[in-house]
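Each remark here refers to the structure printed beneath this line.
We did not get these values from a lab; they are worked out from the coordinates using the rules stated. The structure presented is a predicted model; accordingly, all values stated were derived computationally and were not measured. All Cβ positions, glycine included, derive from the backbone under ideal geometry; neighbour counts span all protein chains shown.
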Amino acid sequence: MEFICNDESETVQLGRRLAHFAEKGDVFALFGTLGMGKSVLARAFVQSLCRAEEVPSPTFTLLQTYEAADFDIYHFDLYRLKSPEEIFELGMEEAMYEGVCLIEWPEKMGGYLPEKAFIIKINGSGNSRIINIDSRSLAQKQRLKTLGN
């Protein structure tokens, strides 16, 4: 599924839509180079479900956790990881079962990215962002169809 966001406010709207689409156990893998809007999307997601006014990017802490009504949100930024195995020190495996994970720089996980993750690829086109969302899971592909409505 492809979305074109012409400015930051449209990326925020998409983040909010994803938040209300999310279910416990979902993993959202946010791919994109620096400045593409991964943190903007994640921040809108968190703020849509939590009362958090401040939603800093976890670039230095690697993980921020937020309590939503139906699940906890685990926001990971793996940019500074040196090896994929470091995700286990962060408690990522438990987070994937206990709540919803937003993972910036998921390519740092290597082969540990779960098959059932929603793959979100953000690319720039001038001032716009082209955001593609997909999954390898057939059930999740079906759920994605409801996001477009």
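So the values come out like this:
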{"quantity": "Segment Glu8-Thr146, extension gain: residue separation times 0.36 nm, minus the distance between their alpha carbons", "calculated": "47.4 nm"}
{"quantity": "Fewest-first sequence of Cys101, Cys5 by Cβ atoms within 10 Å of each Cβ", "calculated": "Cys5, Cys101"}
{"quantity": "Total lysine pairs whose alpha carbons fall under 21 Å of each other in the chain (8 or more apart, or interchain)", "calculated": "15"}
{"quantity": "The chain: projected area of the alpha-carbon convex hull, averaged over directions, in nm²", "calculated": "8.2"}
{"quantity": "Charge dipole (the chain, unit charges on Cβ, about Cα centre) - positive-most of Ser137, Phe3, Tyr66", "calculated": "Phe3"}
{"quantity": "Förster radius 35 Å - calculated FRET efficiency between Asn127 and Glu94, Cβ distance, rounded to 0.05", "calculated": "0.35"}
